[in-house]
């Protein structure tokens, strides 16, 4: 289950208090729950609606607009591959196929054990080091079959 | 060759306050505070500094449209836009990574200019490393008493390209989905939480300390009469040495390609996208174009945010069109129907052509679609839909003819 602990509620309340208006902390609060639960759950939305004192649909609207937020849990490790033009020229498509093969899943899916999820992403701002990968919060450039093998071994 | 923003990039600890100050950092801020608001605005005005996030709007002009405190009492804000997400652009990432204090100094100068006591740096969520660098730099600056009465706070986006557009950025900051606003009012009149707000790109703000230190006249002379100073180019694609290169405004495109090592692997150049994927393509015959805000415009394209993408002879321009329209379709916020539907159908038609199902009628449809998109939407993303494809069709008709053949019977 994904109930928030008191400690977690404290963190979210801090976001609601940080900026000139409480609601300005919403995107950061959503980033935070996405990190904890690997998605934004119904309970999270309910809690944030109470915290920010807005209708729940306001929270849902934002949670479903931004690509960083998901409604279903991502894998423990979220791997994104950039499909921007520069990364495409650098071979991001074949790196995506390589990841699909090694993980045994299609882009957009998670491994059955919940360890990895794979998605394509728009430009990651690392065009000079394509094909670029986003691994959890970390940008990794110049992906090769070899670097991908190492990466997958390293991630628990 | 004069370099401003990247001048000390070979200093390994440039990101630390001590090094930055040793090299003259925060002297611009000191001078700005000493010279006063009016003199500061005069220097900025003389500099012809243009908005380097892509729009090219005069920076001093933007600052001067903020109503004075006496006419609009209450808080006013400055926001540094570090949401850089245009495919082909990565200079803001490099600027923040290597020299975060330069941005902080520029932001404080802008805040002083418009009498703001609260400033923000809005950074895309994917730039986690840069977020931490900025956090640390802000702590250093605060501890050294440099930030004074103005507070600077950080804020992150959540993966939407459109958040980089000023009014959509403000919506994001206000905890809403990133739908661009239809001006007027412009943000300088009613921006963040309805208050006067200046939103400037990272690179634009980084220029401010240099202008203050050396004067507006000096700055404008570095560039061209209408585009002052220098500009950063993010060079990627089929070049030997991709990276960020700083040049005076008006430098010919070919010099930028040469600096980046030229086309890699002994291949021939086919085309260059000059300013990020939303700027129409240029051919290998247009390499003499001076790269300032005016030069590319004379060729039907834009300097944009300086995201130079180099395409060699092996590239299929239908693939390029598809990649770009798919990007726009994915990033369309959905608010305006012409953009939402137009980008979606561009993507589908181009995808079908790539898998062998294109027809000559499709080409006509692509040509006609633009009439119903550009100018019919709220923001610059929507205005771009189809434009890039039509430029590719015009300049590389052979690529399109083979993907969209006449079908008989």
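The values are calculated or read from the model by the stated rules, or taken from the named source; none is laboratory data. Treat the numbers as computed from the prediction; the structure is a model and nothing was measured. Here Cβ is always computed from backbone atoms with ideal geometry, including for glycine, and neighbour counts include all displayed protein chains.
Points worth noting:
- If the condition is being part of a loop (DSSP other than H, G, I, E, B), in contact (Cβ under 8 Å) with a residue 24 or more places away in the chain and surrounded by 22 or more Cβ atoms within 10 Å (Cβ to Cβ), then segment B:227-249 contributes B:228, B:229, B:238, B:249.
- Lone unmet requirement of (1) within 11 Å of chain A (Cβ to nearest Cβ); (2) in contact with a strand residue (DSSP E or B) (Cβ under 9 Å, 6 or more places away or on another chain) for residue B:327: (2)
- Test: residue B:272 is more than 27 Å from residue B:208 (Cα to Cα), within 14 Å of another protein chain (Cβ to nearest Cβ), assigned to a strand (DSSP E or B) and within 18 Å of the chain's Cα centre (by Cα): yes
- Checked against the criterion of being in contact with a helix residue (DSSP H, G or I) (Cβ under 7 Å, 6 or more places away or on another chain) and assigned by TED's automatic domain parsing to the domain that holds residue A:91, the candidates A:126, A:109, A:143 yield just one match: A:143.
- Residues in segment B:132-158 that are crowded, with 20+ Cβ neighbours inside 10 Å and closer than 24 Å to residue A:27 by Cα: 8 in all.
- If you go through segment B:56-113 and keep only what is touching a residue at least 40 places away in the same chain (Cβ under 8 Å), closer than 20 Å to residue B:16 by Cα and within 14 Å of another protein chain (Cβ to nearest Cβ), you end up with B:82, B:91, B:92, B:94, B:95, B:96, B:97, B:98.
- When restricted to residues that are within 26 Å of residue B:329 (Cα to Cα) and surrounded by fewer than 21 Cβ atoms within 10 Å (Cβ to Cβ), segment A:102-121 contains 7.
- Helices (runs of 4 or more DSSP H) contained entirely in segment B:304-402, each with at least 2 residues that are surrounded by 22 or more Cβ atoms within 10 Å (Cβ to Cβ): B:317-331, B:337-354, B:380-384, B:387-395
- Among the helices (runs of 4 or more DSSP H) confined to segment A:45-146, the ones with at least 1 residues that are more than 14 Å from chain B (Cβ to nearest Cβ) and modelled with pLDDT of 95 or more are located at A:92-103.
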